[in-house]
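A quick write-up on the structure given underneath.
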Amino acid sequence: MPPLFLPPKTRESFPPHTERPGAQRAEAFLQAFLRRCTPHMSQSAREDQLQRKAVVLEYFTRRRGKEQRRRARGLSARQRRALRLFDIKPEQQRYDLFLPLHELWKQYIRDLCNGLRPDTQPQAIQAKLLKADLHGAIVSVTKSKCPSYVGVTGILLQETKHVFKIITKEDRLKVIPKLGCVFSVETDGFVSYIHGSKFQLRSSERSAKKFKAKGTMDL
């Protein structure tokens, strides 16, 4: 295949000593590029430096803002109440239904206290119970400012910051406020007493709280 070449008419179409349109566009692009890359230099200084040595073009990095990590937001307390997530349905309010939970809780306390032996100090058990999870324990109300609460005994189903929800042997769900009540928890013959007014914490918060030893107090 013969080499390609421009015909004589095409060569003579541009007059001598004139720039072609493509060359003009390239020159304009080059000048704009140099101005953008060397903004601190004047035109004369730029041309002078180009004639003497190579120019290191500046590179401006874009500062990326801190990416905000989107945390998965759970349901609010109002939404949980609206969905009734923690409500115990009437057909589930049966004492015998939660007896296996009580057996699991007893084994959990035995493991937590390294075995409940007759020579175990009651103070050590009391300190463990204050930080333990009480869901499944058999809880009794021994003292209360409201006489109707005294004597209520059952398995603890739910614990919130201010109340205990207890299922009794009569398959009745009782909501007992912590404030103004004293509760007893029996574990393999060991009986511990809990003052509800000093126990107004969520179960997750109690595990990290340091309780101070204090004497008994009246309601």
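Length gained on full extension, Leu173 to Ile88, computed as 0.36 nm times the residue gap minus the Cα-Cα distance: 29.7 nm.
Shown here for region 83-189: GluC sites (Glu not before Pro) in loop regions (DSSP other than H, G, I, E, B) with at most 10 other Cβ atoms within 10 Å, namely Glu170. Here each label is just a point 7 Å from Cα along the line to Cβ, and for His162 and Tyr95 those points are 2.9 nm apart.
Here r is the Cβ-Cβ distance between Glu205 and Gln126 and R0 is 22 Å; the resulting FRET efficiency, rounded to 0.05, is 0.75. The amide H of Thr160, built 1.01 Å from its N in the peptide plane, has Lys165 as neighbours under 5 Å, considering only residues 5 or more places off or on other chains.
Temperature 37 °C, viscosity 0.692 mPa s: under these conditions the Stokes-Einstein estimate for region 125-195, based on its Kirkwood radius over C-alpha pairs, is 270 µm² per second.
None of the figures in this text is laboratory data; all of them are computed from the coordinates on show. This one's a predicted model, so the numbers in the text were calculated from it and none came from an experiment. Using ideal geometry, Cβ is built from the backbone for each residue, glycine included, and neighbour counts are taken over all protein chains shown.
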